1. Within segment C:100-108, is there a residue that is in contact with a strand residue (DSSP E or B) (Cβ under 7 Å, 6 or more places away or on another chain), without any contact (Cβ under 8 Å) to a residue 60 or more places away in the chain and in a strand (DSSP E or B)?
2. Just wondering, is there one or more residues in segment A:15-25 that are surrounded by 18 or more Cβ atoms within 10 Å (Cβ to Cβ) and either free of Cβ contacts under 8 Å to residues at least 40 places away in the same chain or assigned to a strand (DSSP E or B) (or both)?
3. Scan (1) more than 18 Å from residue C:50 (Cβ to Cβ); (2) in the same structural domain as residue C:66 (by TED's automatic domain parsing); (3) surrounded by fewer than 19 Cβ atoms within 10 Å (Cβ to Cβ) for the single condition residue C:166 breaks and write down its number.
4. Quick test of your reading of the structure: residue B:63 fulfils all but one of (1) on the phi > 0 side of the Ramachandran plot; (2) touching a residue at least 24 places away in the same chain (Cβ under 8 Å). Name the failing condition by number.
5. Give the residues of segment C:167-194 that are in contact with a strand residue (DSSP E or B) (Cβ under 8 Å, 6 or more places away or on another chain) and at positive phi, sorted by residue number.
6. When residues of segment B:41-71 are filtered for being assigned to a loop (DSSP other than H, G, I, E, B) and crowded, with 22+ Cβ neighbours inside 10 Å, how many remain?
7. So which helices (runs of 4 or more DSSP H) stay within segment B:72-137 end to end and still have 3 or more residues that are under 22 Å from residue C:22 (Cβ atoms) and in contact (Cβ under 8 Å) with a residue 40 or more places away in the chain?
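The values are calculated or read from the model by the stated rules, or taken from the named source; none is laboratory data. It should be emphasised that the depicted structure is a prediction, and the values quoted were computed from it without experimental measurement. For neighbour counting, all protein chains shown are included, and Cβ atoms are generated from backbone atoms with ideal geometry for every residue, glycine included.
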């Protein structure tokens, strides 16, 4: 799968998800600097695209280099799956950039 | 809450916006950052904008420089975000956007060892104590390009200062102006400040006494009424 | 003539800004000139730059394809510099309306559009836009029909997003400049649509 942005880092983890694949966001809540929003944890969505591989912001925040670079995906979720009381079209979605280490196969 | 409930890590807070997390150990109070607000109930979006103040633009510029977009990369935006997140809910909610960012820039620079707490503390004290007239580099408003045609009395004050230059130096005059309290400095006009400082300087030099000046002012007052 | 620089002591944060800047300059980490240049640089980055990209995409289908595939490259090809910006452009269609938010902080394509407005960074926008986008859009005066899909993009990581709005009817034959003049910043965030 072609990444949207090609990046060069000293080391990187291989992407393991495909466009269209169903994935679930891990239900973890560790302390530290996290870029996976709380509201999406535990939910399942679909891989919309591979953005590229980037250093892990959780590690960059701690003044480390964040390598190996992690694949970053845009994941699409149906709003009615995320919010029990969602009022709007059934087709409405929210798309979020999520790092591979936060995702598992759904 | 019973001891048993506490042991099982059940949160007393029901967070309807979070996905069902199960019973164990996912207490939103700790595990959800105050900044991580997606999905939380909130009020109407007020489409406010403000023309950013110069000091705010300088904070923005500092971030752009220090994170390597237009300058040397000395820190990452991730560290800056982390330090904003670490401010805690009270500070987060009671400060403005750029107030949070400048605080985080300071924390991150300290964490990186580029400045020390002591250096910054000393510099902040020095800046604060800097005399009110010494305003170079401090935040202020728009420059209004005003002019006015000087009144006769103002021209006379100017002339007096020139004539007395051998008796009262410009540095003494400046010293007296600088000694004015800030409220006075800002609420008097330029020549009002000059005439007061001339008076003070002449008294200090012993060329006039306070009493003489006071009596003369009374005289002039009763003459003109 | 009173000097209306009304006396207000520096706030703690303004004090910090002045002090940090002076310290960094004293230490040779940065120069005053660099700060000044960076302030002016950001002032030059305005929504008009994004508007000209949108207008070009409206008149040139090949450019539009490039913009959707390679946002930064497309901007640079118009002479619009976007240093370090990983721009992803999302297209509004008759069936899809896009809107951008950063729930975690204030991520925004600054290097293209400049500094974001206050409301974009506000608690209310950041909290509600992912959960009830239709209500929030209605507050902005934008009512999206039920049959149109709303895609909310939460920019949580390294990408920055811009909405490519639909070209409104009644603009046939307009020059690019005239087209750009109706593309507002709010339309590129997705809380408004351009009107002829």
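1. Yes; the residues of segment C:100-108 include at least one that is in contact with a strand residue (DSSP E or B) (Cβ under 7 Å, 6 or more places away or on another chain), without any contact (Cβ under 8 Å) to a residue 60 or more places away in the chain and in a strand (DSSP E or B).
2. The first filter runs over segment A:15-25 and keeps only residues surrounded by 18 or more Cβ atoms within 10 Å (Cβ to Cβ), leaving A:17, A:23, A:25.
From the residues that got through so far, the ones that are either free of Cβ contacts under 8 Å to residues at least 40 places away in the same chain or assigned to a strand (DSSP E or B) (or both) too are A:23, A:25.
Within segment A:15-25, one or more residues are surrounded by 18 or more Cβ atoms within 10 Å (Cβ to Cβ) and either free of Cβ contacts under 8 Å to residues at least 40 places away in the same chain or assigned to a strand (DSSP E or B) (or both).
3. (1)
4. The number of the failed condition is (1).
5. C:190
6. Going through segment B:41-71, the residues assigned to a loop (DSSP other than H, G, I, E, B) turn out to be B:41-53, B:68-71.
From what's left, crowded, with 22+ Cβ neighbours inside 10 Å: B:45.
Here the count works out to 1.
7. B:97-111
Yes or no, residue by residue, for (1) surrounded by 13 or more Cβ atoms within 10 Å (Cβ to Cβ); (2) in a loop (DSSP other than H, G, I, E, B); (3) modelled with pLDDT of 80 or more:
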residue	(1), (2), (3)
B:139	yes, yes, no
B:154	yes, no, yes
B:214	no, no, yes
B:222	no, no, yes
